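Trainee: Supplied in structure tokens, the structure appears directly below.
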Amino acid sequence: MRLIIALLLLLACAARAGEPELLEPEKAFRFSARMIAADRLEVRYEIAPGYYMYRDKFRFGAEPASISLDASQLPPGTIKKDEFFGEVQIYRGDMRFVLPLAEAGEPGPRFTLNAVSQGCADIGVCYPPQEQKAEIRRAGFSSGSPGAGLSPFLKSTPGAPASAAPPRGEPQSEDTLISELFRGGFWMLVLSFFGFGLLLALTPCVFPMVPILSGILVPHGEHLTHARGFTLSLAYVLGMAITYALAGVAAGLLGTLLSSALQNPWVLSGFAAVFVLLALSMFGFYELQLPSALQSRLTVTTSKLHGGHFASVFVMGALSALIMGPCVAAPLAGALLYIGQSGDGVLGGAALFAMALGMGVPLLAVGASAGALLPKAGPWMETVNRFFGVVLLGVAIYVVSPLLHAVVFMLACAVLLIVFAVYLHALDPLPHGAPGYRKLFKGIGVVSLLAGVSLLIGVLSGGRDVLQPLAGLRGAAVPAAQPVLFQRVSNLPQLESAIAAAAGKPVLLDFFADWCVTCKEMEAFTFTDGAVRKRLDEMVKLQVDVTANLAEHKALLRRYGLFGPPGIVFFDRQGNEIKGLRVVGFQNAAKFAATLDLVLN
Amino acid sequence: MTRLLQALLIGALAVLFAGAGYLFYDWRSGTRPLDPVATGQVVLAAKFMGLDNQPQALGQWRGKVLVINFWATWCAPCREEIPVFIKFQDQYGARGVQFIGLAIDQKERVGPYARDIGINYPVLVGGLEGMDFARQVGNSRGVLPFTLVLDRSGKVVTTEIGVLRAEKLESLLKPLL
């Protein structure tokens, strides 16, 4: 019981946290855009409460310039009487408008939308005109939506459609899959969510529910028939499903509020904490089941009713859905976002209900087998439990990794790997004639131990690279691939003088940070390539290390319309930026060499 | 009893994790307070174009009580507070107070506006680089209006985001005279 109270308190705190006084412009005016037909572009600004935008300050353009956008028909705004400007039209809240789009020539697969806008806050401050860009993919009229925090979730489960490696925090074209899904009509959608639930049943999220269910089935012992087992587990699954359906209705009605709440650092930390709790139960620190006091009270109150036992099982299902919620919510974040955008409570409820039924299928199977399929206790089972425990802890680290410093992140991974190895008996001698699975586990354990130890050594010796933790220990005698020599710049004046000093050479400007894995991949796999090196030699190479995130770094990022690394910007021989050739995200050697060719010519 | 203990332990652990995560986030993204002396030096080292197209160094007003106001013609709240600044420049100019307007705007718009409304203190044109400068000296959100007050030694005394009312400005300036 206390566990549940603590959890609820934690979630309640999470929901309230994080109300800054003044928002960053990109948060006050969240910008996204998507194609809704071959010749229509929908632009959306989610304007935070207490903020507004001027209707007559919007300017839209596209790259390539062969695309023209007609912004003459913006919807009327509300009238604001201004002492100085007279009556002006402003927008508030969730604002969408459709721009007719015309294209001279062959339509390409994607283009860049440049949107200039200007807005103010009611407390009496204004933001300067800001230019925002979005990559618009035309294939299948994909949708774009900013939300850096969501993308890791979308990639975190095998079931969730992967998003196309978006640049951090930049308005991005997102996976077409989910939005396609929402095009297929009501029943198609419900069916898809059922399938999605089946996939979720394969994730460790469902695993902690098995002991709860066995707690319900086992007391029936010998008398448990297949039919009764099935109906009992059906009651449990229905309880779970209805809880999720309510969440779906809420998501549909609350709109995108929920999805932005899911990106709050408190919520991320809360999710991580739930993963840790679930993992601890997998390690056998405690048995995850409803507190006995609550269970007995439920039984007492419900046994007075007809079919009382089913009612209590039903309530247990609902409660376990609450406990398991955050575990499922993370991979679901993308789907919730779209349910929110649909603004349809019925659709949201039906979709999540179907999903929970899908998740419940394995539990129904367990019930119908009258408990025969329940995992048997034993050393094998314990190891499986621990394995899932480690997976859950790993997910916890992954969920909060955007909030963690590189050192903490590496330390956490190292500790996890080493503890896992110890649980796998990597350090204990194998008894003579040990069964095959013990040998396999020991092998995995030793590998995990070595990986953990090298991470630990790496981080303690100053390495900050998860991919090459021991890179710092390479002796000078071992000629590693010579790193590309970048000239460091740290502010705008330095950058300008460096570009001026380039004297007719093209300039490459690389934004870099410790925590930026893509930057490291580029360094390790792309910059080391011979063909790339040859072309780089003809350029002046500048690098900004924005790890410290100082004001001058932010100013530089802002100057080039980037929200963070990775980002490579090119300048021609006259020192002007070559727009449209930017590299945000990983490019392999061949592709990057081709980009460099374009810069050099 | 052990059950209770376990639950409490786990609850505490969860809160600890959440708190640590949040603190880290805060630490990484948060605005650290600026050093008033160092920021003052940054301010006095800056240089912007005047309305007459001559570069003007802010350092030339060293030794005065400097009020630097970031504004723009498109910013309604900025327009609201400028008449107060004009009045104060009149009133306190002789006692060593110097207002400077730094416009995050185009020169073609700033010049006529400054003339029309009768701005009696130097107006410099910063453009969007002026906004980068504003962020550097404490305006982390990059909003207007934004006003910096430096004392005679060149130390930043206050930074104000949003409209600066006459009463507040007066109470800020009085002790610096």
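Trainee: Please pick out the residue among A:F525, A:F571 that is more than 21 Å from A:A62 (Cα to Cα) and hydrophobic (A, V, I, L, M, F, W, C).
Mentor: Testing whether each residue is more than 21 Å from A:A62 (Cα to Cα) and hydrophobic (A, V, I, L, M, F, W, C) leaves just A:F525.
Trainee: Mind listing just one residue for me: the one in the stretch A:50-67 that is part of a loop (DSSP other than H, G, I, E, B) and either of a type in the set (A, V, I, L, M, F, W, C) or at pLDDT 85 or above (or both) and, of those, surrounded by the fewest Cβ atoms within 10 Å (Cβ to Cβ)?
Mentor: So, considering only residues that are part of a loop (DSSP other than H, G, I, E, B) and either of a type in the set (A, V, I, L, M, F, W, C) or at pLDDT 85 or above (or both), the one surrounded by the fewest Cβ atoms within 10 Å (Cβ to Cβ) is A:A65.
Trainee: Would you check which residues across the stretch B:92-129 are surrounded by fewer than 21 Cβ atoms within 10 Å (Cβ to Cβ), within 14 Å of another protein chain (Cβ to nearest Cβ) and over 17 Å from B:E80 (Cβ atoms) and list them?
Mentor: Within the stretch B:92-129, B:Q106, B:R109, B:G127, B:L128, B:E129 meet the criteria.
Here is a yes/no grid of residues against (1) surrounded by fewer than 18 Cβ atoms within 10 Å (Cβ to Cβ); (2) closer than 25 Å to A:L598 by Cα; (3) modelled with pLDDT under 80:
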{"residue": "A:P479", "(1), (2), (3)": "yes, no, yes"}
{"residue": "A:V484", "(1), (2), (3)": "no, yes, yes"}
{"residue": "A:P493", "(1), (2), (3)": "yes, no, no"}
{"residue": "A:A503", "(1), (2), (3)": "yes, yes, yes"}
{"residue": "A:F527", "(1), (2), (3)": "no, yes, no"}
{"residue": "A:V532", "(1), (2), (3)": "no, yes, no"}
{"residue": "A:V540", "(1), (2), (3)": "no, yes, no"}
{"residue": "A:K554", "(1), (2), (3)": "no, no, yes"}
{"residue": "A:G567", "(1), (2), (3)": "no, yes, no"}
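Trainee: A further question follows. What number of residues within the stretch B:131-167 satisfy the criterion of being within 14 Å of another protein chain (Cβ to nearest Cβ), among the β-branched types (V, I, T) and out of contact with any helix residue (DSSP H, G or I) (no Cβ under 6 Å at 6 or more places or on another chain)?
Mentor: 4
Trainee: Here is a further query. Filter the helices (runs of 4 or more DSSP H) completely within the stretch A:200-301 down to those with at least 3 residues that are at pLDDT below 75 and over 30 Å from A:G348 (Cβ atoms).
Mentor: Here the list reads A:209-217.
Trainee: For the stretch A:401-412, give me each residue that is in contact with a Phe, Trp or Tyr (Cβ under 8 Å, 6 or more places away or on another chain) and modelled with pLDDT of 70 or more.
Mentor: Correct list: A:S401, A:L404, A:H405, A:A406, A:V408, A:F409.
Trainee: If you take the residues of the stretch A:68-125 that are surrounded by 17 or more Cβ atoms within 10 Å (Cβ to Cβ) and in a loop (DSSP other than H, G, I, E, B), which of them is farthest from the other protein chains (Cβ to nearest Cβ)?
Mentor: A:L74
Trainee: Considering only residues that are in contact with a Leu (Cβ under 9 Å, 6 or more places away or on another chain) and of a type in the set (D, E, K, R), look in the stretch A:506-533 and name the one that is nearest to A:F586 (Cα to Cα).
Mentor: A:E521
Trainee: Go through (1) at pLDDT below 80; (2) not in a helix (DSSP H, G or I) one by one and return the number of the condition A:L427 breaks.
Mentor: (1)
Trainee: Here's a follow-up. Need the failing condition index for A:G325 against (1) modelled with pLDDT under 75; (2) under 25 Å from A:V390 (Cβ atoms); (3) within 14 Å of chain B (Cβ to nearest Cβ), just the number.
Mentor: (3)
Trainee: In this structure, is A:G575 touching a helix residue (DSSP H, G or I) at 6+ places or on another chain (Cβ under 7 Å) and either touching a residue at least 12 places away in the same chain (Cβ under 8 Å) or among the β-branched types (V, I, T) (or both)?
Mentor: yes
Trainee: Mind telling me which of the residues A:A370, A:A354 ends up being more than 30 Å from A:A247 (Cα to Cα) and either of a type in the set (G, A, S) or at pLDDT below 85 (or both)?
Mentor: It is A:A370.
The values are calculated or read from the model by the stated rules, or taken from the named source; none is laboratory data. None of these values were measured; they are calculated from a predicted model. Every residue, glycine among them, receives a Cβ derived from its backbone with ideal geometry; neighbour counts consider all protein chains shown.
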